[in-house]
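See structure below.
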Amino acid sequence: MPHSDHSPSPLNAGFADLPPFPETVPTAPLLRISLQKLLQGNADEEERCWKACCDLGFFYLDLRTEDTAQGVDGQSLLRDADQLFEVMKGFFDLDVQEKVKYDFADQGSYFGYKGLGVGIVDKKGTRDRNEFYNISKDDTLGLSSKLPSPEVLNSHRALYESYINSSHGICDAVLSILSSRLPLSAPTTQNGGLPALHKLHSISGDQIRFVKAPPQKQDIASVALGEHTDFGSVTVLFNRLGGLQVRLPDYIDAIPPVSTGKTEGLGVDTRLCRDGWAYVRPLPGHCIVNLGDALVKFSNGKLRSNIHRVVAPPGEQGAVTRYSLVYFCRPEDEVRLKALVEGGDEQEGEEVTAKEWILRRALGRRTQDGWEKSEGTEAVSMRSGGK
Ligand SMILES: O=C(O)CCC(=O)C(=O)O
Ligand SMILES: [Fe+2]
């Protein structure tokens, strides 16, 4: 089915100082949604956004807003993201002995540092190939006690706050659209719908994540971040090099390669696109928005939290260190993950709070035998055909 708009510009524009994304690999047909139009309440754009959330659960959001009077200022978010890419490089450049001081997993917290290879990417326990640093929204906004953090990061708290405000604003805009389209139960609607379960100043597992993946050998086993669904509600993602892949459901076709010209590593890139996997081409001026498991549960499966992973960047991009910047918006800690739509109570399994769900999923992927324990809604995500 047609699922993309093929505007030529700026889709082929790259990021300054980075090798271009190759034209020789299949890509995922993410819709391009305009933040400007969403903020103006444009009904067609809201409908496209809703459709993207039901069909693939992933879309590009064009942040090049002109009018900053309403809601989120996309241009300022783009500037914050640019600065955060520099801030995270400063942190990841520290000695590993310094960085591991900020790994708090043994205290039951997923905030702070996760070293290279500390997570697993599959049920065999294969080690990941990336480093993370997770910053808590509640810590940044002064809603919880401050975790220790290194000076290179501590000095940028005002930037985190600005970035969190804008990213959370985007999540709110998406949640409002979903709330107005889902058949939410009367009590949920009366209580303010989905945005009321994700208040910026309530305690939640919302976080910023910095990710670094060193250049890796392009081979079929080069998975930097294993296949997963995100466990919150809405994710706002900035990346500049390819490597992110989504596994397309059988009712959505990949965009075929633009050229068949031979480049080094083509064979591997192509093999990494078997079984429905397709690359997401990074676009300047845009972020990538995707939905997480909590929205699958709230909508009783109507919304999609799609499986994705990070492999070695394709073509000549594979020689460069990859950084990405993520904001995860999650339900408030005490919210129960259950269907909130009319008549939708037939979900299986125990009902957990957002806090329990996040801890199980985040920390499960740090132990050799944690794969199954850490599973989310992957089975629903790979359902085929109708919704
Ligand atoms: O680095 C990326 O492009 C994606 C990261 C991601 O999926 C995650 O951190 O959950
Ligand atoms: Fe993810």
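Before moving on, here are some points about what is shown:
- Within region 119-129, the residues that satisfy the criterion of being surrounded by fewer than 17 Cβ atoms within 10 Å (Cβ to Cβ) and either of a type in the set (D, E, K, R) or modelled with pLDDT of 95 or more (or both) are 122, 123, 124, 127.
- Residue tally, condition out of contact with any Leu (no Cβ under 6 Å at 6 or more places or on another chain) and in a loop (DSSP other than H, G, I, E, B), over region 111-127: 11
- Among (1) crowded, with 17+ Cβ neighbours inside 10 Å; (2) farther than 30 Å from residue 312 by Cβ; (3) not small (Gly, Ala, Ser) - the single one residue 132 does not satisfy: (2)
- For residue 34: the one exception among (1) within 26 Å of residue 148 (Cα to Cα); (2) in contact with a helix residue (DSSP H, G or I) (Cβ under 9 Å, 6 or more places away or on another chain); (3) polar (S, T, N, Q); (4) buried (at least 17 other Cβ atoms within 10 Å of the Cβ): (1)
Here is a yes/no grid of residues against (1) modelled with pLDDT of 95 or more; (2) more than 16 Å from ligand 1 (Cβ to nearest atom):
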{"position": "189", "(1), (2)": "yes, yes"}
{"position": "200", "(1), (2)": "yes, yes"}
{"position": "209", "(1), (2)": "yes, no"}
{"position": "224", "(1), (2)": "no, no"}
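- Region 303-336, subset in contact with a strand residue (DSSP E or B) (Cβ under 7 Å, 6 or more places away or on another chain) and more than 16 Å from ligand 1 (Cβ to nearest atom), residue nearest to residue 171 (Cα to Cα): 331
- Some residue of region 98-105 being under 19 Å from the mean Cα position of the chain (by Cα) and at negative phi: no
- Hits in region 181-197 (condition: in contact (Cβ under 8 Å) with a residue 60 or more places away in the chain and touching a helix residue (DSSP H, G or I) at 6+ places or on another chain (Cβ under 9 Å)): 181, 182, 184, 188, 194, 197
- Scanning region 121-144 for residues that are touching a Lys or Arg at 6+ places or on another chain (Cβ under 6 Å) and hydrophobic (A, V, I, L, M, F, W, C) returns a single hit, 132.
- Hits in region 42-73 (condition: in contact (Cβ under 8 Å) with a residue 40 or more places away in the chain and farther than 16 Å from residue 292 by Cα): 46, 61, 62, 63, 64, 71, 72, 73
- With respect to the conditions (1) within 23 Å of residue 127 (Cβ to Cβ); (2) in contact with a His (Cβ under 7 Å, 6 or more places away or on another chain), residue 323 falls short on a single one, namely (2).
- Among the residues of region 84-118, just one is surrounded by fewer than 14 Cβ atoms within 10 Å (Cβ to Cβ) and under 30 Å from residue 32 (Cβ atoms), namely 86.
- Within region 316-336, the residues that satisfy the criterion of being of a type outside the set (Asp, Glu), surrounded by fewer than 23 Cβ atoms within 10 Å (Cβ to Cβ) and either closer than 16 Å to residue 232 by Cβ or within 16 Å of ligand 2 (Cβ to nearest atom) (or both) are 323, 326, 335, 336.
- The residue list 256, 284 contains one member that is over 13 Å from the mean Cα position of the chain (by Cα), within 16 Å of ligand 1 (Cβ to nearest atom) and surrounded by fewer than 18 Cβ atoms within 10 Å (Cβ to Cβ), which is 284.
The values are calculated or read from the model by the stated rules, or taken from the named source; none is laboratory data. Since this is a predicted model, take the numbers as computed values, not measurements. Methodologically, a virtual Cβ is constructed for each residue, glycine included, from the backbone with ideal geometry; neighbour enumeration extends over all protein chains shown.
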